[in-house]
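Below is one structure, written out as structure tokens, with a few remarks after it.
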Amino acid sequence: MSRKSHFPLYVLFTLLLLSAMLGCSMLGAVRFGWHEMWHSSIFLNLRLPRIILSVLVGAALSVCGAAYQSIFRNPLTDPYVLGISSGASLGAAIAILLGLEAYLLGIGACALATGLLTIVVIYRIASIGNRMHTTTLLLTGVCITFLISAVISFLMVLHQDKMDSIIFWTMGSFSSATWPDVAIVAPIVLVGIGVVLFYCRDLNLLLAGSETAKSLGVEVERVKKVLLLVTTLMVAFCVSTCGVIGFVGLVVPHCIRLVCGPDNRRIVPYAILFGGLFLLLCDTLSRTILPPAELPVGSLTALVGAPLFIYLLYRNKKSY
């Protein structure tokens, strides 16, 4: 199918996403109808920002996953592979131990700062002059992730009274989503997605290898730096507001690739829609399946996404 022939599908799935947002907004411990919800402070101040934030984060993680899988030429790469999640988790753990969760953006600000600091360190280690070797970058990210995870485990052992709060944050949650969170994340995500869409053709060429892409006119080093910077910022801001939500950036773009093929000009638009829809539905389940308790949304993304991923891999195994 050509790009133009996919346009009606984009419109259809956009309407499906908007309908899901509307339907999910009516579900929860407090239920209300269409006319009541527009006058409800619960809907306007609690549920609506949570729904919008979950869609933004789902779209961002999926798009970043698609970009990373093309840059590193590895379908098993996800947005957290460079250590952003572990760095942000360390900042969140420190904030929780210092009692900063009572302050506005206390945990989020610390998580964002340490997440970005971790990436700066990894980039400096992996850069050779003006060049950035993706394999070295990937291996450095994995090593730093293990190192920081060990530090977090050590902190939790020393402060067992705070262990539950740290673990819950590292499994992801939108329970504390606010309009300021949406205002902070939305511009970064929207601009970042726009940049990735602009470089979709270059991402396709990078899949053929750096030398091939360079021979076809791609400024490989510049494209990699721009995309890694933009996607890193997107992931860092998302993690700082809702914690670590795994599996979305891995399973959504890969499932789309299995169905639609390897062209990022199709994968990225679908990743925006299905990533947002997937995380929205998982978050709705997390807050409605066992009321009044709430499950970490990260556990549901893996529980729901993994069987679907395995099924698609099994169905398409002859193509590998």
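A few points about this structure:
- Least to most buried among Lys214, Lys162 (fewest other Cβ within 10 Å first): Lys214, Lys162
- Positive dipole terminus of the range 3-319, leading residue within Leu100, Cys255, Val239 (C-beta point charges): Cys255
- Under 17 Å from the Cα of Lys214 - aspartates and glutamates, other chains or at least 8 residues apart: Asp202
- Membrane-span-like helices of the chain, defined as complete DSSP H segments with a Cα extent of 24 Å or more along the helix axis and a mean Kyte hydropathy of at least -1.0, are identified as 3-25, 48-71, 106-126, 134-158, 179-198, 220-242, 264-288, 297-315.
- Peptides 47-57, 288-298, 253-263 ranked from most to least packed by the mean count of surrounding Cβ atoms within 10 Å: 47-57, 253-263, 288-298.
- Residue-count net charge about Met37 - beta-carbon cut-off 14 Å; Lys, Arg +1, Asp, Glu -1: +2
A short reminder: the numbers here are calculations on the coordinates, not readings from a lab. Keep in mind that this is a model prediction, so the values were computed, not measured. Cβ atoms come from the backbone with ideal geometry, glycine included; neighbour counts cover every protein chain shown.
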